[in-house]
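Novice: Sharing a structure, written as structure tokens. Questions coming.
Taken together, the values in this text are just the output of simple stated rules run on the coordinates, not laboratory data. Predicted, not measured: the structure shown is a model, and the values here were computed from it. Backbone-built Cβ (ideal geometry, glycine too); neighbour counts: all protein chains shown.
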Amino acid sequence: MSYFVTGATGFIGRFLVGNLLKREGTIYVLARESSKEKVAALARKWGAAEGRIVAINGDLTQPKLGISDADFATLKGKVQHFFHLAAIYDLTASEELQIKSNIDGTINAMRAAEAMQAGCFHHTSSIAAAGLYQGTFREDMFEEHGKLVDAYLRTKHDSEGLVRSECKVPWRIYRPAMVVGHSKTGEIDKIDGPYYFFTMLKKLREMLPPWVPVVGIEGGRLNIVPVDFVADAMDHIAHKDGLNGKCFHLTDVDHHKVGEVLNIFANAASAPQLTMRVDTRMFNFIPPFMRQAVTSLPPVRRISNMLLSDLGIPREVMDFVNYHTKFDNRETRKALEGSNISCPKLDSYAAVVWDFWLRNLDPENFIDRTLEGCVKGKVVIVTGGSSGIGLATAKRLAEAGGKVILAARTVEKLQEAHDAIRASGGEAFMYTVDIADVDDCDRFSQQVLKDFGQVDILVNNAGRSIRRSISLSYDRFHDYTRTMQLNYFGALRLMMNFLPEMEKRHSGQIINISSIGVLTNAPRFSAYVASKAALDAFSRCAASEYSDVGVKFTTINMPLVRTPMIAPTKIYENVPTISPEEAADMICQAIIYKPKRIATRLGIFAQVLNAVAPKMTEIIMNTGFRMFGDSAAAQGKTDGKAPVVSSEQVAFAYLMRGIHW
């Protein structure tokens with residue numbers, strides 16, 4: 001007995017070939033010249049003896065599959081079973097491609113089967129052939145289909161119709177349900193069906209503990225089957241006598257609602273359950289013209305497109321959330337009687353399907369999350385790059401292969417930093433610039449663009465901090481103007497100079513180093529916090545304007561860092577801080593993940609607390625204000641002695657780790 005298989009290296013085809021190898025006979029598989037290695041790999045996978053799997057050169061889109069006359073002469077009269085599995089199973093594929101593969105490919109396969117005088121033509125259709133049928137679709141139904149609203153449904157229906165009406169070889173038709181991974185191993189080769197929602201479940205798992213109830217949708221009914229059931233059922237039914245001219249639903253007896261399917265996989269993933277599910281049919285009470293008017297609004301469409309894109313869900317998939325067709329499979333169950341072949345329950349194999357996806361198909365597995373992958377060969381400006389956070393960051397970026405531009409005022413420190421990076425094998429370039437001087441910012445920007453042509457990442461790190469209570473600043477208005485000039489206007493000027501080129505290229509990132517003080521409203525830092533708050537506000541506004549042109553903005557609300565900038569405040573010698581290297585890690589994370597904001601948990605908690613209980617926040621911050629006095633320098637004293645720190649102050653500082661006092 002011999003077999004001919006199209007789509008043998010495809011998902012279902014690989015497992016079907018594995019089953020056929022357990023029987024006697026040669027398996028001929030259609031393969032283009034470029035796919036011969038895939039056929040060889042298939043033979044190796046199943047440990048097939050030499051000559052059991054034979055590649056026949058051809059092409060699905062060519063008449064009679066493009067098989068040569070010599071090969072037809074070899075195959076004629078030898079093939080008892082012709083399995084046609086090659087097709088496009090993709091809702092997002094173009095209509096032209098689906099017609100060429102699903103309809104023209106079926107015609108070509110039928111003609112090839114006729115030319116080789118095959119014993120039976122086994123056509124792999126799909127439950128999609130039923131269209132959007134309302135009710136239960138039986139195996140003996142075809143013309144009763146529902147609406148064929150897209151190319152996938154139409155081509156699967158029409159290709160099956162061609163077999164029914166034009167095939168001159170005895171035929172059998174198989175309609176698999178939504179096929180997922182192997183029930184024992186989870187193996188699958190692409191994202192499809194329920195897999196589109198796995199990214200959403202993963203994000204929920206990362207954000208919330210599994211016991212938190214989540215609102216979801218009820219949706220229509222889905223029928224899901226593992227690939228091994230489909231391959232086993234096809235193999236068994238194909239070899240059973242007296243079944244020609246029949247159609248078989250390779251489906252599960254159970255039809256789960258969308259919300260139930262998501263909960264089954266959420267349970268397998270230890271993600272929160274969709275405890276409260278909204279039945280989407282309730283929206284049918286809204287007049288169609290109103291639904292269309294709302295969904296066609298540009299903001300609504302952009303938000304939905306952004307969410308779907310972020311979750312990796314094609315819009316076409318959402319059209320089937322309300323899919324209500326049920327499939328009767330009595331003929332299939334009758335044909336499988338006594339074979340021990342049955343569709344396992346979804347919850348019995350959901351865990352292995354999830355695990356395989358997580359290890360092998362999760363889109364994040366294929367994203368380069370290394371710093372080197374994000375900065376190698378890119379031009380990165382680090383202001384304040386000669387010391388502290390800037391220098392630590394510059395070293396990390398240079399080690400990762402970035403072209404680091406060190407920008408600072410002091411030539412000597414710049415030269416030292418530049419030489420250190422060069423000595424370690426990094427690529428660094430030094431530019432002197434006073435960020436507080438707008439004209440100097442312009443000169444610097446023009447020179448950088450002239451020398452490099454573009455800037456990929458701008459790290460606005462240079463800054464000035466002043467720790468002085470307002471009551472001691474009545475006659476020091478210049479503290480506010482000079483802080484604003486450097487921390488806000490200087491950074492703003494650089495952004496305004498480099499943004500046009502980033503916008504033109506639809507690529508770039510601006511990282512603004514802000515302060516945890518903006519989140520905590522730190523007392524004694526009113527000048528500093530106000531300037532950083534202005535920078536934060538600009539970043540939020542700019543992010544909204546550049547959201548659709550590929551330019552990203554990230555704000556880092558940095559906690560207290562032990563740098564030369566805080567050295568004059570002697571009390572900081574006795575309170576917990578983070579190191580410049582730890583601060584550099586935060587900047588590197590910003591480059592890799594490009595979030596809108598990075599902040600410590602304490603900083604975020606302080607912001608939330610201030611929003612819900614502002615008076616409580618005020619009392620806590622006032623307690624710290626009274627507990628820690630102004631420095632000698634802020635008071636105009638010159639003794640420079642480090643203040644005595646009490647145990648209460650130390651305990652309070654450790655409790656509020658990273659906050660400026």
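Novice: Mind checking which helices in the chain clear 27 Å along their axis (Cα) and have mean Kyte-Doolittle hydropathy of -0.5 or more, DSSP H runs only? Present the calculation step by step, with values, prior to reporting the outcome.
Specialist: Details: long enough: 526-546 (29 Å, 0.22).
Flagged H segments are 526-546.
Novice: What are the semi-axes of the equivalent ellipsoid of the chain, taken as the square roots of 5 times the eigenvalues of the Cα gyration tensor, listed largest first and rounded to whole Å? Mind dumping the intermediate values first?
Specialist: Working: eigenvalues 848, 161, 96 Å².
Working through the eigenvalues yields semi-axes of 65, 28, 22 Å.
Novice: Taking Cα centroids, how far is the stretch 61-103 from the stretch 215-233 in Å?
Specialist: Here the answer is 27 Å between Cα centres.
Novice: Please list 387-393, 614-620, 215-221 highest first by mean number of surrounding beta-carbon atoms within 10 Å per residue. Write out the running numbers ahead of the final one.
Specialist: Numbers: 387-393: 24.6, 614-620: 12.7, 215-221: 17.4.
Order by mean packing, descending: 387-393, 215-221, 614-620.
Novice: Continuing with this model, one more query. Return the long-range amide H neighbours of residue 131 (sequence gap of 5 or more, or a different chain), with a cut-off of under 5 Å between placed amide H atoms.
Specialist: Placed amide hydrogens put 146 under 5 Å from residue 131.
Novice: Another question, then. For residue 184, go through the aspartates and glutamates and keep the ones whose alpha-carbon is under 13 Å away, minus same-chain ones fewer than eight residues off.
Specialist: Counting by Cα, and skipping residues close in sequence, residue 184 has these aspartates and glutamates nearby: 228, 347, 355.
Novice: Still on this structure, please answer the following. Given the pairs 202/257; 403/596; 202/615; 504/596; 202/504; 246/345, which span a C-alpha to C-alpha distance of over 31 angstrom in this model? Could the numbers behind the result be given before it?
Specialist: Working: 202/257 20 Å; 403/596 24 Å; 202/615 37 Å; 504/596 21 Å; 202/504 35 Å; 246/345 26 Å.
As for pairs spanning more than 31 Å Cα to Cα, those are 202/615; 202/504.
Novice: Treating only the Cβ of Lys, Arg, Asp and Glu as charged (+1, +1, -1, -1), what charge dipole size does the chain show about its Cα centre? Round to the nearest 20 debye.
Specialist: Details: 77 positive and 72 negative charges, 186 e Å.
Around 900 debye, computed over the chain.
Novice: Can you give the calculated 222 nm mean residue ellipticity of the chain, where each DSSP H run of n ≥ 4 adds -39,500 (n - 2.57) and the sum is split over every residue, rounded to the nearest 500 deg cm²/dmol? Mind dumping the intermediate values first?
Specialist: Numbers: 26 runs with 276 residues, N = 661.
After summing the helix terms and dividing by residue count, I get -12500 deg cm²/dmol.
Novice: Compare the peptides 40-46, 86-92 by average per-residue count of other Cβ atoms within 10 angstrom and give them in order, highest first. The partial results should precede the final answer.
Specialist: Details: 40-46: 15.6, 86-92: 19.7.
With the highest mean Cβ count within 10 Å placed first, the list reads 86-92, 40-46.
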